[in-house]
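K.L.:
Here you go, one structure.
The values are calculated or read from the model by the stated rules, or taken from the named source; none is laboratory data. In this text the structure is predicted, and so the values were computed from the model without any measurement. Here the Cβ positions follow ideal geometry from the backbone for every residue, glycine too, while neighbour counts run over all protein chains shown. Calculation scope for accessible area: heavy atoms of the full protein, side chains included, ligands and nucleic acids excluded. Shrake-Rupley method; radii C 1.70, N 1.55, O 1.52, S 1.80 Å.
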Amino acid sequence: MKVVHTVEALRDQLRGQLRVAFVPTMGNLHAAHLSLMRMARQHGDPVVASIFVNRLQFGPNEDFDQYPRTLDADIEKLERARDVYALFAPNEREMYPEPQNFKIQPAQALGSILEGEFRPGFFMGVSTVVLKLFSCVQPRVAVFGKKDYQQLMVVRSMCRQFQLPVEILAHETVRDEDGLALSSRNRFLTADERAEAPHLYASLQRLRDEVLSGQTNLAAMEARAAEHLRGRGWDVDYVALRRQRDLLEPAAQELCEGEPLVVLAAARLGTTRLIDNLELQRTP
């Protein structure tokens with residue numbers, strides 16, 4: 001595997017390649033990341049991964065400085081997996097050689113709700129760095145995980161509206177045996193918090209089952225799920241049932257008509273913020 005740290009070196013490695021498949025990451029790789037790489041290999045050649053902890057998407061009180069940086073271990077994992085041709089691992093000066101005055105701001109309808117409400121500026125940071133990475137790599141396809149559901153939608157919308165020649169592929173959320181979605185932030189959980197963490201996904205499953213059983217009081221279902229988590233010691237940002245196509249609230253009629261839906265949640269255990277989601281569709 002080639003490891004490059006500059007845009008110039010990356011472009012030298014990829015010159016003339018027309019079927020590049022790309023997986024952007026912030027490193028601290030785990031099984032879910034490696035699964036994204038395998039999917040990328042099925043849809044393009046060569047596969048390029050990136051590791052860059054993007055300061056632009058972290059708020060002033062978030063965990064940028066504490067975010068795990070494990071480049072040497074990540075390189076070993078990628079080399080063992082043998083799915084990646086080149087790893088692009090730039091530093092901040094390489095990605096932002098001057099103040100980033102041009103930034104991509106998602107539309108309010110998608111970028112200011114849910115994660116956008118609780119992490120102002122997050123999707124601006126994501127969109128800006130993804131566009132820069134796409135410019136550097138020039139992939140034909142790029143793979144993103146569904147665990148970051150709203151992020152996936154923002155990236156797809158950006159590519160569509162800027163007519164970028166990149167197909168965005170979605171990989172299903174990879175979970176541990178107890179249902180917890182794999183995440184680099186899971187390492188910050190204490191032993192007791194790790195034992196409690198799967199209840200976030202369990203709450204989404206219960207809300208899904210309520211919808212599938214015919215309930216239509218959206219606010220009541222969301223409130224019950226949030227209160228259940230708070231009763232177990234979680235600090236809940238949101239539990240929200242939304243339409244898959246635009247993340248807007250479904251009407252009661254849409255709940256009955258088989259509209260594809262997704263329930264999303266974000267909550268903290270101790271100092272660790274976890275997010276998760278679950279797609280569903282009720283048979284009309």
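K.L.:
Can you pull out the residues in region 173-206 that are basic (Lys, Arg) and either within 20 Å of the chain's Cα centre (by Cα) or buried (at least 19 other Cβ atoms within 10 Å of the Cβ) (or both)?
P.N.:
Arg175, Arg185, Arg187
K.L.:
A follow-up question, please. Filter region 121-158 for residues that are free of Cβ contacts under 8 Å to residues at least 60 places away in the same chain and over 16 Å from the mean Cα position of the chain (by Cα); which is nearest to Gly59 (Cα to Cα)?
P.N.:
Filtering region 121-158 for residues that are free of Cβ contacts under 8 Å to residues at least 60 places away in the same chain and over 16 Å from the mean Cα position of the chain (by Cα), the one nearest to Gly59 (Cα to Cα) comes out as Lys132.
K.L.:
Looking only at region 207-229, count how many residues are more than 26 Å from Glu177 (Cβ to Cβ) and either touching a Gly at 6+ places or on another chain (Cβ under 6 Å) or open to solvent by 40 Å² or more (accessible area, probe 1.4 Å) (or both).
P.N.:
Qualifying residue count, region 207-229: 8.
K.L.:
Something else now. Please pick out the residue among Gln100, Gln17, Gln42 that is more than 30 Å from Gly270 (Cα to Cα) and in contact with a Leu (Cβ under 7 Å, 6 or more places away or on another chain).
P.N.:
The conditions single out Gln100.
K.L.:
Now for a different question. What is the residue count in region 31-80 for residues that are aliphatic (A, V, I, L, M), in contact with a helix residue (DSSP H, G or I) (Cβ under 8 Å, 6 or more places away or on another chain) and under 18 Å from Val4 (Cβ atoms)?
P.N.:
Number of matching residues: 6.
K.L.:
Scan region 260-284 for residues that are open to solvent by 30 Å² or more (accessible area, probe 1.4 Å) and either of a type in the set (Lys, Arg) or touching a strand residue (DSSP E or B) at 6+ places or on another chain (Cβ under 8 Å) (or both) and report the count.
P.N.:
Within region 260-284, residues that are open to solvent by 30 Å² or more (accessible area, probe 1.4 Å) and either of a type in the set (Lys, Arg) or touching a strand residue (DSSP E or B) at 6+ places or on another chain (Cβ under 8 Å) (or both) number 7.
K.L.:
I'm checking my understanding of the structure. Among residues of region 75-108 that are aromatic (Phe, Trp, Tyr) and open to solvent by less than 70 Å² (accessible area, probe 1.4 Å), which one is farthest from the chain's Cα centre (by Cα)?
P.N.:
By that ranking, first place goes to Tyr96.
K.L.:
If you don't mind, there's one more thing I want to ask. Quick one: count up the residues across region 126-171 that are part of a helix (DSSP H, G or I), charged (D, E, K, R) and surrounded by fewer than 20 Cβ atoms within 10 Å (Cβ to Cβ).
P.N.:
Matching residues across region 126-171 total 2.
K.L.:
Step by step: first the residues of region 248-272, then only those that are of a type in the set (D, E, K, R) and out of contact with any helix residue (DSSP H, G or I) (no Cβ under 7 Å at 6 or more places or on another chain), then the one that is farthest from Arg208 (Cα to Cα). Which residue is that?
P.N.:
Only one residue fits best here, namely Arg268.
K.L.:
Confirm whether Glu257 is acidic (Asp, Glu), modelled with pLDDT under 95 and either crowded, with 17+ Cβ neighbours inside 10 Å or more than 18 Å from Gln151 (Cα to Cα) (or both).
P.N.:
It is true that Glu257 is acidic (Asp, Glu), modelled with pLDDT under 95 and either crowded, with 17+ Cβ neighbours inside 10 Å or more than 18 Å from Gln151 (Cα to Cα) (or both).
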